[in-house]
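Nothing in this text is a laboratory measurement; each read-out follows from the coordinates by a stated rule. None of these values were measured; they are calculated from a predicted model. Here the Cβ positions follow ideal geometry from the backbone for every residue, glycine too, while neighbour counts run over all protein chains shown.
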Amino acid sequence: MEKSENDHNKPSPEGENSGRHRTIESGQSTGNNDLADTGEPGSQKHTEPEKPTGDQKATDTGEPGSQKHTEPGKPTGDQKAADTGEPGSRQAGEARNPGAGHQVGETAKSAGNRQADESSETSSNQSASKTGVTSSQQPADTGEPTTTLANFISGLRANLRVRQAFTLYAASFAGIPLGIVTSIIFTRFLGPQGYGDFAFLDTLFDFARAIFPLGFFYAGNRALVLNDNPRTAREYYGAGLAYLFIVFLLMVVVMGAYGLLDPNLADKGLTRFYFYLLPFGWIFLLGPYFDNMLHPDNRIHELAAVRFFPKIITFAAALAIWFLLRDFQGNRLAIVWPAYLLAFLTVYTMVFSRIRISFRNLRARMQTIWAHNRRYGIHLHIGHLFSNGAIALTGILISYFSPDNRGVGFFFLALAISRPLALVPGVIAATWFKDFARQQRASRQLTGFTILLSLTAFAALLLLAGPFIRLVYTDEFLPVINLVYLCGTAMLLHGIATFYNRFLEAHGHGKIVRNVFIATGLSLLVVNLLLIPSYGVHGAAIAMIISSVVYLSGCVWGYVRVVG
């Protein structure tokens with residue numbers, strides 16, 4: 001059920017004429033060159049330093065295109081925001097816009113020296129910080145950073161984005177050993193056949209949650225990116241939840257018909273248990289709901305909780321099952337599945353209590369999400385449907401071309417062990433997501449740092465995977481070792497591609513992302529159909545590598561096309 005996350009930019013203390021340079025870590029940008037992003041590709045506007053446009057006087061209603069633009073030297077809407085008393089609502093303070101007080105002082109100072117700055121406009125344009133790590137790092141007019149990687153890393157330590165990235169990655173990474181230990185217990189409790197049946201049913205609902213959101217969660221993501229009001233954000237959460245239950249009703253009808261007609265479920269004796277799980281399918285939909293809605297609102301701690309705490313609860317339940325019910329002779333899936341679902345439901349309920357979801361102005365917020373969905377969300381959904389849906393369909397195809405579900409269990413166990421490789425760039429991109437929306441290009445230091453961490457993690461996987469699997473799993477699971485090497489290569493490529501994909505998403509280029517995902521999903525489906533019948537689960541792993549190459553190539557192509 002896993003599948004990953006951004007404050008507004010500060011005016012540049014260097015001056016207000018540095019319109020071509022954007023920042024990453026501190027989120028700085030020039031006060032007179034804020035972006036007016038309507039959610040449409042190519043809709044970003046740049047205003048002249050001395051001629052503020054009408055857009056600069058617009059108020060933020062929470063609707064698309066309603067973001068405030070201020071005249072040079074005036075504090076932004078975020079800096080004037082009052083404290084509503086809601087969690088994270090101090091947009092002028094450290095909680096939502098760290099260093100905002102510093103922004104006001106620096107902006108006022110810049111306005112006071114405006115006439116002097118006008119005489120040196122050209123040199124001032126060259127003084128904006130490219131990386132935003134320290135104020136002393138000033139790139140040349142070419143836009144290339146002049147800082148070394150060592151200085152870049154040193155500057156990360158006190159940065160809010162870095163602390164958030166560390167929190168999110170620590171939560172994701174800390175859940176990995178728990179998830180692996182839980183899988184060890186479940187594989188011993190269920191056996192290869194039972195664990196394969198568990199993985200197959202989980203894959204069916206993963207496939208469903210890739211199909212049925214219909215882009216509404218991506219549209220809610222876009223609405224939150226463009227929103228600065230904490231109260232409005234709570235209303236968008238409510239509107240997104242309303243759409244969740246609408247698509248769940250559609251999901252029940254379609255998947256119910258599938259359960260009645262599919263011969264594979266009947267052949268493997270899983271039809272009745274499948275219908276037991278179907279009424280709880282909405283829990284699966286909450287996964288993509290939180291993944292898409294929390295990170296644009298900078299709810300990093302809640303997103304970390306969603307990724308980490310279910311693993312703790314599932315681990316505790318697995319221990320209890322092992323020590324209390326290891327001799328149980330009945331249907332062991334009926335023991336594992338309720339514990340699995342309850343772990344996620346418990347954490348999701350806690351997160352809802354923290355974000356204080358609101359259903360006020362429900363119709364207006366649903367209409368806004370609907371509008372974003374038509375322009376952005378549905379395009380992204382179609383792309384993700386081909387990508388994520390094809391991955392879930394891989395497990396289904398392995399089951400259809402095999403006499404039992406052992407191969408399904410092996411494949412998804414290998415994916416679970418290698419998936420952390422995709423976490424490194426994914427977490428970094430999620431943390432800088434809202435900053436990406438206001439930058440012309442991603443920092444080369446950040447990109448290089450991300451790739452270096454990914455390669456280091458890949459080397460560790462190659463060295464440790466084999467000894468680890470031989471040590472903790474039974475001999476029946478030794479085929480997983482070679483699968484880990486293949487899936488690890490795929491996850492490395494997939495994670496790096498996700499970094500560029502997040503940049504495109506932040507800029508609202510849903511159609512480009514959609515096309516990349518379509519190409520990725522189609523390549524995976526075609527290669528799966530060619531290889532799985534003859535090579536089984538190893539053919540599926542090779543297909544993952546090929547599709548990841550397509551994904552990375554498409555994302556890099558889209559990034560180069562956007563940044564020029």
Residue 345 and residue 176 label points (each 7 Å along its Cα→Cβ direction) are spaced in nm at 3.1
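Order by neighbour count: 562, 424, fewest other Cβ atoms within 10 Å first, most last. Show your work: numbers first, answer last.
Numbers: 562 17, 424 28.
Taking fewest neighbouring Cβ atoms as first place, the list is 562, 424.
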May I ask you to evaluate 6.51 cos²θ - 1.76 cosθ + 1.60, the Karplus curve with θ = phi - 60°, for each residue of region 549-564 and list the ³J(HN,Hα) values in order in whole Hz, giving x for glycine and proline? 4, 5, 4, 5, 4, x, 5, 5, 4, x, 5, 4, 5, 6, 7, x
Apply the a/c threshold of 1.5 to the C-alpha gyration tensor of region 374-480 and tell me whether it is rounded, prolate or oblate. oblate
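Determine, for each peptide in 273-282, 483-492, the mean count of other beta carbons within 10 angstrom over its residues, then list the peptides with the highest first.
On the way: 273-282: 15.7, 483-492: 23.9.
Those peptides, ordered most packed to least, come out 483-492, 273-282.
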Of region 178-196, those with amide N under 18 Å from the point 7 Å along the Cα→Cβ vector of residue 267 are 193-194, 196
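Rounded if a/c is under 1.5, else prolate if a/b beats b/c, else oblate: with a ≥ b ≥ c from the C-alpha gyration tensor eigenvalues square-rooted, which is region 269-343? Kindly include the intermediate steps, with their values, before the conclusion.
Values: a/c = 5.39, a/b = 1.63, b/c = 3.30.
Here region 269-343 falls in the oblate category.
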With r as the distance between the Cβ atoms of residue 535 and residue 254 and R0 = 35 Å, compute the FRET efficiency 1/(1 + (r/R0)^6) and round to 0.05. 0.65
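So for each of 327-339, 515-527, 380-392, 440-452 I average, over its residues, the number of other beta carbons within 10 Å; can you give me the resulting order with the highest mean first?
Details: 327-339: 13.9, 515-527: 21.3, 380-392: 24.0, 440-452: 18.5.
Highest to lowest by the protection proxy: 380-392, 515-527, 440-452, 327-339.
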Between residue 325 and residue 471, what is the label-to-label distance in nm when each label sits 7 Å out along the Cα-to-Cβ direction? 3.0
Looks like region 429-564, by Cα gyration tensor root eigenvalues a ≥ b ≥ c and the a/c under 1.5 rounded cutoff (else prolate when a/b is bigger than b/c, oblate otherwise), is oblate
Cα centroid of region 233-272 to Cα centroid of region 523-553, whole Å: 27
For region 161-563, the percent of all C-alpha pairs falling in each 20 Å bin, from 0 up to the bin holding the max distance, is 27, 62, 11, 0
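Place the peptides 346-355, 206-215 in order of packing, highest mean first, counting for every residue the other Cβ atoms within 10 Å and averaging per peptide. Mind dumping the intermediate values first?
On the way: 346-355: 15.3, 206-215: 23.1.
Highest mean packing first, the order is 206-215, 346-355.
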Phi-derived 3J(HN,Hα) across region 300-312 with the Karplus relation (6.51, -1.76, 1.60, θ = phi - 60°), rounded Hz, x for Gly and Pro, is 5, 5, 5, 5, 4, 5, 4, 8, 9, 5, x, 5, 5
Residue-by-residue Karplus 3J(HN,Hα) for region 173-179, coefficients 6.51, -1.76, 1.60, Hz, glycine and proline x: 6, 5, x, 5, x, 5, x
